[in-house]
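Working notes, beginning with the structure itself.
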Amino acid sequence: MVAQARATQIAVVGQSADGASYAELKKLIKERGLLEKRPGRALARILIVDSLVIAAIVAFIAAREVFWLECLVALFFAFVTTQLGFVGHDAGHRQPFGPTRLNDLSGLFHGNLLVGMSFSWWLEKHNAHHAKPNEIDSDPDIDIPMLSFSHEEALSKKGALRFISAHQAFFFFPLLMLVAMDLQKSSVIFLARGKARYQKTEVALLLLHYIAYFGLIFAVLPVWQGVVFTLIHQLVSGLYLGSVFAPNHKGMLITEHNCQIDFLRRQVLTARNVRAGYLTDEWYGGLNYQIEHHLFPAMPRGNLAQAQRIIRAYCEERGVSYHETSMLQSYREILSFLHEMGEPLRASAA
């Protein structure tokens, strides 16, 4: 996969930065009605996910006298938290509803109140990622101190970060466990700076989240059990979130800062799809259609499968590499890429 990414990088050098191909593709997609909102379906999905929150709380209270059951409930909490994140992601891209206010309301409710993450912070960060995915010094999703996405970046690391980068393929999944807590930490820092669009509302909802979350846990469980429950929930949430996000772009084409490449190729060549299926679609919250999502972020989740057939055929006809693989193979490709990027550090240590 690394060799494929390098070949692709060479192939796109010199591509003109026009958007003619994308405009033609967008016309095909619009003619099929795939950009039209589906508010009824979106609302049904929201109600199902929100009902899982209630089910998780009921299960938590019911299992209070059997701690091993509470540990299983913590895993269920992690699943539900990530599904709530997908609902917030949809809202951030204005997928469910026409009016911006309704999407913001969904984002604030599911992000700040139920997940404990600032909707405004995530939106700012995620929009920067969508604008220039996998571009050095532009995409915040590859600005990760503990990982290196190029040999040059690896060689610039110092101290403990240098050791971690050298062996980053082995540290990758353990590091993913910290994703959920990192999102929450960044949210608090962002709101403390007073930069949110709905500043007072976001702060109030975030405070309410933590009061309700820790209040419920420690009202039902002894302190040590509450701590264990919280750790299981947060670490597994991070692993689930990270394992869904990672296949999207990790190990795919990385471009230099201000690389001149047209929009369609920028979005397609830097993304990886994970092969579709009902369970996969639900597990990934539709993000397994990463190419389609990046080309048309506001497209309702339920339309991505139909759009895929059009977009894949369009890319193949024009010689644009369209990469889709299985879930397991996507992780093999990521780990292989990370292992190669850390090779100069291992060589220098030897």
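Would you list which lysines come within 28 Å of Lys125, measuring only between C-alpha atoms, while excluding same-chain residues fewer than 8 positions from it?
Reachable lysines: Lys26, Lys30, Lys37, Lys157, Lys158, Lys185, Lys195, Lys200, Lys250.
Please list, in chain and number order, the residues 5+ apart from His323 or on another chain whose amide H is under 5 Å from its amide H, with Hs placed from the backbone.
Placed amide hydrogens put Asn273 under 5 Å from His323.
Along its three principal axes, how long is segment 268-350 when you only count alpha carbons? Whole Å, largest extent first please.
Result for segment 268-350: principal-axis Cα extents of 51, 31, 20 Å.
Could you state the number of Å between the C-alpha centres of segment 278-340 and segment 131-190?
23 Å
If you project the alpha carbons of the chain onto the principal axes, what extent comes out on each, in Å, largest first?
In descending order, the Cα extents are 62, 59, 40 Å.
From the Cα trace of segment 306-346, what convex hull volume per residue do you get, rounded to a whole Å³? If you can, show how the numbers build up before the last one.
Details: hull volume 3.2 nm³, N = 41.
In segment 306-346, the Cα hull volume divided by residue count equals 77 Å³.
Could you pull out every residue, at least 5 positions away or on a different chain, whose amide H is within less than 5 Å of the one on Thr255? Hs are placed 1.01 Å off N in the peptide plane, and Pro or chain starts have none.
Amide H neighbours of Thr255, under 5 Å, 5+ apart: Glu135, Ile136.
With θ set to phi - 60° and the Karplus curve 6.51 cos²θ - 1.76 cosθ + 1.60, what are the ³J(HN,Hα) couplings of segment 190-200 in order, to the nearest whole Hz, using x for Gly and Pro?
With coefficients 6.51, -1.76 and 1.60, one gets 4, 5, 5, 8, x, 9, 6, 5, 10, 3, 5 Hz.
Can you give me the accessible area per residue for segment 18-104, using a 1.4 Å probe, in Å²?
Values: 4520 Å² over 87 residues.
I get 52 Å² per residue for segment 18-104.
For segment 184-275, report the convex hull volume of the alpha-carbon atoms normalised per residue, in Å³, without decimals. Could you put the intermediate results ahead of the total?
On the way: hull volume 16.2 nm³, N = 92.
Cα-based convex hull of segment 184-275, divided per residue, equals 176 Å³.
Sorted by accessible area with a 1.4 angstrom probe, largest first, how do Val268, Val58 fall?
Numbers: Val268 0, Val58 90 Å².
Result, largest first: Val58, Val268.
What ³J(HN,Hα) values, in whole Hz, does the Karplus curve 6.51 cos²θ - 1.76 cosθ + 1.60 give for segment 269-276 when θ = phi - 60°, with x put for Gly and Pro?
6, 8, 10, 10, 8, 9, 3, 7
Roll a 1.4 angstrom probe over the protein heavy atoms and tell me the percent of accessible area of the chain that is carbon or sulfur. It would help to have the intermediate numbers written out before the result.
Working: 10630 of 16310 Å².
Carbon and sulfur together cover 65 percent of it.
Given 37 °C and 0.692 mPa s, compute D for segment 133-212 with the Stokes-Einstein relation, Rh being the Kirkwood radius over Cα pairs; round to the nearest whole µm²/s. Numbers along the way, then the final one.
Values: Rh = 15.0 Å.
So the translational diffusion coefficient is about 219 µm²/s.
Report ³J(HN,Hα) in whole Hz for each residue of segment 70-78, in order, from the Karplus equation J = 6.51 cos²θ - 1.76 cosθ + 1.60 where θ = phi - 60°; Gly and Pro get x.
4, 5, 5, 5, 4, 5, 5, 4, 5
With the other protein chains left in place, how much accessible area per residue, in square angstrom, belongs to segment 177-273 at a 1.4 angstrom probe? Don't jump to the answer; show the numbers that get you there.
On the way: 4320 Å² over 97 residues.
The answer is 45 Å² per residue.
The values are calculated or read from the model by the stated rules, or taken from the named source; none is laboratory data. Model, not experiment: these values are computed from the prediction. With ligands, DNA and RNA removed, areas are computed over all heavy atoms of the protein, side chains included. Shrake-Rupley method; radii C 1.70, N 1.55, O 1.52, S 1.80 Å.
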